[in-house]
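All remarks here apply to the structure that follows.
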Amino acid sequence: MKTEYLKLSEESIDEEAIARAGRILQEGGLVAFPTETVYGLGGDALNPASSRKIYAAKGRPSDNPLIVHICRMKDLPPLVEEIPDAALKLAKVFWPGPLTMIFKKSDLVPLETTGGLSTVAVRFPSNRIAAALIDKAGGFVAAPSANRSGRPSTTNADHCREDLDGRVDMIIDGGPVQIGLESTIIDMTEETPMILRPGKISRKMLEEVLGTVEVDRTILSSDDAAAPRAPGMKYRHYAPRGYLTIVDGEREAVAAYINRECEGLRAKGMKTGVLCTDETFSSYHADSVKSTGSRQDEDAAGRALFRLLREFDTEDVQVMFSESFEGASDGQAIMNRLMKAAGHRMVRV
Ligand code: TXA
Ligand code: MG
């Protein structure tokens, strides 16, 4: 399949071009597109054949459900059996935006889209290109992150090309995304809503609206016995090709440990990498040292994380170490992705 590339700007969306992209989706094709979190690999959410194509293009296990993206509040009721009051409250505050809510699904949503589950994840993105595409596609677009299964999510169109060229009908280039980490997922079917995946919308923000919110305890643990509630969270994920370890501790001790390890590995001819912050950048000696920005700037770290992991791959870095982002206020979202990328290898020094 030859992939068509379309460059669009959120400020002035080319109506004719976006209508063409929408038609591709309506006809059962696949289009990768920008959202404010990460790029999505879109197909018609109500067409079982489209969902099967998404799984094939990503190389994703078909028991891993897709998120249905909408662009109007009035399109939520047909997808779900009921809308709890708490969900309406959250929608009022956080939609459109980086929050995905899980509901009991209606018969309209094919089981192919929900990975066989009786629930459906729904998201109303704020990115204008995403909204326009969903509208032109008929209102319901299933979209996992636009990466090959197991690789870091894509945060720009070049990453989509790396992973999906020849596997999708079109890739829309809307520039780099604003957030860089996938949406927060909250399960609204529980008595007390439960966060299944941390993201930009933090537990604190959700609790300000709802009071108590629970957190799936597998979010940061490596406990294989406990199955995560979001099926996708159980897979090795976001992983660079090299071997990544997170190092936690006092700043000087972390740098000393990482430098010592890198020295030993380089002596054996291995290519080494370090993921750090501006404050510590100059203390590291490795083949490739990358900073997520200032340690204070957690937004920048979220935006950069997947791009930097992919850069290590491009540079054929074999062994990487990352500073820990534990304790940062937004750190849970970053640490959740980093721990998965590292296969939960963490060293405390
Ligand atoms: O920010 C995002 O959410 C991006 C953009 C493209 O919107 N999408 C995204 O989709 O991250 P994906 O497929 O890469 O991750 C969706 C996660 C998976 O872990 C999946 O298992 C979980 O959501 N999920 C989807 N439907 C679910 C359901 N009904 N119950 C529990 N978990 C669900
Ligand atoms: Mg994904």
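The values are calculated or read from the model by the stated rules, or taken from the named source; none is laboratory data. Here the structure is a predicted model, which is why all the values come from computation and not from measurement. A quick note on method: Cβ atoms are made from the backbone with ideal geometry, for glycine too, and the neighbour counts reach across all protein chains shown. Quick note on the areas: whole protein, heavy atoms, side chains included, nothing else; ligands and nucleic acids left out. Shrake-Rupley method; radii C 1.70, N 1.55, O 1.52, S 1.80 Å.
Annotation: amide H-H contacts under 5 Å for N64 (H modelled 1.01 Å from N, sequence separation of 5 or more, or interchain): none.
Semi-axes of the equivalent ellipsoid of the chain are 34, 23, 17 Å, computed as sqrt(5λ) over the eigenvalues of the C-alpha gyration tensor in descending order. Here the peptides 157-164, 128-135 are ranked by packing, the mean other Cβ count within 10 Å, and the order with the highest first is 128-135, 157-164.
For the chain, the mean residue ellipticity at 222 nm estimated from helices alone is -9000 deg cm²/dmol, where every DSSP H run of n ≥ 4 contributes -39500 (n - 2.57) and the total is divided by all residues, rounded to the nearest 500. Here is the list for the range 1-92: GluC sites (Glu not before Pro) lying in DSSP coil, each with at most 10 other C-beta atoms within 10 angstrom of its C-beta, are E11.
Rounded to the nearest 10 degrees, the angle from helix 48-58 to the longest Cα principal axis of the chain is 10 degrees. Give me the net charge for the shell around D248: Cβ to Cβ below 12 angstrom, other residues only, Lys and Arg +1, Asp and Glu -1. So the surrounding residues net to 0. For the chain, the antiparallel share of DSSP beta bridges with both residues in that region comes to about 35%.
When a 1.4 Å probe is rolled over the protein heavy atoms, the share of accessible surface on the range 243-348 that falls to carbon and sulfur comes to 45 percent. Working from Cα pairs under 8 Å separated by at least six residues, relative contact order for the chain is 19 percent. Axis angle, to the nearest 10 degrees, between helix 298-314 and the longest C-alpha principal axis of the chain: 80 degrees. In the context of the full set of protein chains, residues of the chain present 42 Å² of accessible surface per residue (probe radius 1.4 Å, heavy atoms only). Once the Cα atoms are used to define both axes, helix 85-94 deviates from the longest principal axis of the chain by about 60 degrees.
Just to be sure I understand: of the beta bridges DSSP finds with both ends in the range 1-129, what percent are antiparallel, rounded to 5? Antiparallel bridges: around 75 percent, rounded to the nearest 5.
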